[in-house]
Amino acid sequence: MKAICYHNTKLTLPNWDPNDQLNEECPLGIAYESGDFYVHIYGRGDGLYTVSPGITAIERKTKGSSLEQWAVKRFGAENIKTMCEKVGVTHPSIWRPGLYTYAELRQGLHYLPLKKEDEDQALFLLLQKLINIFTYIEPANCNLSCYGHRIRELIILASTEFENQCRNILRANNISPQGKDYMSKDFVKLNALAHLTEYEIIFKPFANLCPFKPFDNWNEERPTQSLVWYDKYNRVKHDRTKDFEAASLETALNAIAANIILYSVQFGPYLLSNLSSVLSSYFNQYIHLSLVNPDITTFYIPKLKLNDSIRKDYFVCDAFRERFIKPWTVISCE
């Protein structure tokens, strides 16, 4: 069973103020059939595009009406599309909007707490080293070409950690290397699988610094060279004398941004911002992470367990609070 997604243009929720700004705050609509019922869930249209089962509309099916017709009637659905994944299905170590709480992130992404704690420490150390460099070089656009030994050290550390995170995600999805070990020709598969080009990083305290999208233009034809900052890492690692200028602040910022994105892919971005930890403190002070023009059809949609005891009229509920949501079914990409 697959859901449909659409743009909400009409607010007809029972006992809901018609002047409420819900359609402006949550313009994304997702609907599917569950037994004898139609289900609609709201979602945000910016930032991390959070899908919100806390505002779930449910109505018993009527004869002669389709899911699409119901979505148009109740929510003024426009630009209707079919979702890629079945309702209730996720992929290990590949986050998409639809997973939010700590419990469902852990279950839906299928990771062990010790694995997350290990990555927490690695990312914390990278951010700590970056912030130390900021005390010597102001992160402004005019300084992006600055280079030096400390920046080179950070680039090498961040790039090897990037490789480590790529390996973890590929292994979690049973994707074997093409050779003896994983290389860039294997890593590049994640660009499409994990939708990496959708992510954007802004370093918040530095308003004039450009946003970073480290995976733009990464392609399988040139898996190393097309990932520009990673290509520079390889050059400055193997021949510092010739390519020292490649050890620039811009290269380092892209490498750090790539690690933040892959961490978010493995464990969900909310664990970076919502927990009481030193890592979250660093993240909230320095980093803004968002999705830019994401493919909404690839979002994960929670599956509700509804039975004959459910109300038959048109009503709104908090699916979390009512414990309607089933555990996620985790399926590897390959």
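The values are calculated or read from the model by the stated rules, or taken from the named source; none is laboratory data. The structure presented is a predicted model; accordingly, all values stated were derived computationally and were not measured. Neighbour counts run over all protein chains shown; Cβ positions are idealised from the backbone, glycine included.
For region 56-84, enumerate the residues that are closer than 30 Å to Gln165 by Cβ and either more than 17 Å from the chain's Cα centre (by Cα) or in the same structural domain as Ile169 (by TED's automatic domain parsing) (or both).
none
Taking the options Lys204, Lys242, Lys213, Lys232, name whichever one is in contact with a His (Cβ under 6 Å, 6 or more places away or on another chain) and of a type in the set (Lys, Arg).
Lys204
Restricting to region 35-44, what's the tally of residues that are crowded, with 19+ Cβ neighbours inside 10 Å and at pLDDT below 95?
0
Of the residues Gly47, Gly29, Gly76, which single one is touching a strand residue (DSSP E or B) at 6+ places or on another chain (Cβ under 6 Å) and surrounded by 15 or more Cβ atoms within 10 Å (Cβ to Cβ)?
None of the other options fit; the residue is Gly29.
For region 280-302, state whether one or more residues are surrounded by fewer than 16 Cβ atoms within 10 Å (Cβ to Cβ) and touching a Phe, Trp or Tyr at 6+ places or on another chain (Cβ under 9 Å).
Within region 280-302, one or more residues are surrounded by fewer than 16 Cβ atoms within 10 Å (Cβ to Cβ) and touching a Phe, Trp or Tyr at 6+ places or on another chain (Cβ under 9 Å).
Considering only region 88-104, I want to know if a residue exists there that is farther than 23 Å from Asn274 by Cα and not polar (S, T, N, Q). Spell out the reasoning first.
Kept after step one, since they are farther than 23 Å from Asn274 by Cα, are these residues of region 88-104: 88-89.
Within this subset, residues satisfying the condition of being not polar (S, T, N, Q) are 88-89.
The answer is yes; a qualifying residue exists.
Of all residues in region 303-334 being under 24 Å from Glu85 (Cβ atoms) and charged (D, E, K, R), which is surrounded by the most Cβ atoms within 10 Å (Cβ to Cβ)?
Among those residues, the one meeting the criterion is Lys303.
All but one of (1) without any contact (Cβ under 8 Å) to a residue 40 or more places away in the chain; (2) farther than 28 Å from Ile296 by Cβ; (3) out of contact with any helix residue (DSSP H, G or I) (no Cβ under 6 Å at 6 or more places or on another chain) hold for Gln225; which doesn't?
Result: Gln225 passes all but (3).
Give the residues of region 47-67 that are of a type in the set (D, E, K, R) and in a loop (DSSP other than H, G, I, E, B), sorted by residue number. Steps first, answer last, please.
Looking only at region 47-67, we keep the residues that are of a type in the set (D, E, K, R), and these are 59-61, 63.
Lys61, Lys63, listed by residue number.
Can you tell which of Val89, Val39, Val72 is more than 20 Å from Leu304 (Cβ to Cβ) and hydrophobic (A, V, I, L, M, F, W, C)?
Only one candidate passes the filter, namely Val72.
Out of all the residues in region 205-224, which are surrounded by 13 or more Cβ atoms within 10 Å (Cβ to Cβ) and in a loop (DSSP other than H, G, I, E, B)?
Phe206, Leu209, Cys210, Lys213, Pro214, Phe215, Asp216, Trp218, Arg222, Pro223, Thr224
Quick one: how many residues across region 1-41 are assigned to a strand (DSSP E or B), among the aromatic types (Phe, Trp, Tyr) and over 18 Å from Thr298 (Cβ atoms)?
2
Looking at (1) farther than 19 Å from Pro214 by Cβ; (2) touching a His at 6+ places or on another chain (Cβ under 7 Å); (3) charged (D, E, K, R), which is the one condition that is false for Arg311?
The one condition Arg311 does not meet is (2).
Residues being modelled with pLDDT under 95 and aromatic (Phe, Trp, Tyr): count how many of those fall in region 300-314.
1
Kindly provide the set of residues from region 111-149 that are surrounded by 15 or more Cβ atoms within 10 Å (Cβ to Cβ), more than 28 Å from the chain's Cα centre (by Cα) and without any contact (Cβ under 8 Å) to a residue 40 or more places away in the chain, ordered by number.
none
In a helix (DSSP H, G or I) and either of a type in the set (A, V, I, L, M, F, W, C) or assigned by TED's automatic domain parsing to the domain that holds Trp229 (or both), is that true of Asn174?
The answer is no for Asn174.
Mind checking whether some residue in region 51-70 is out of contact with any Lys or Arg (no Cβ under 6 Å at 6 or more places or on another chain), modelled with pLDDT of 95 or more, among the small types (Gly, Ala, Ser) and closer than 27 Å to Tyr270 by Cα?
So far as region 51-70 goes, yes, one or more of its residues are out of contact with any Lys or Arg (no Cβ under 6 Å at 6 or more places or on another chain), modelled with pLDDT of 95 or more, among the small types (Gly, Ala, Ser) and closer than 27 Å to Tyr270 by Cα.
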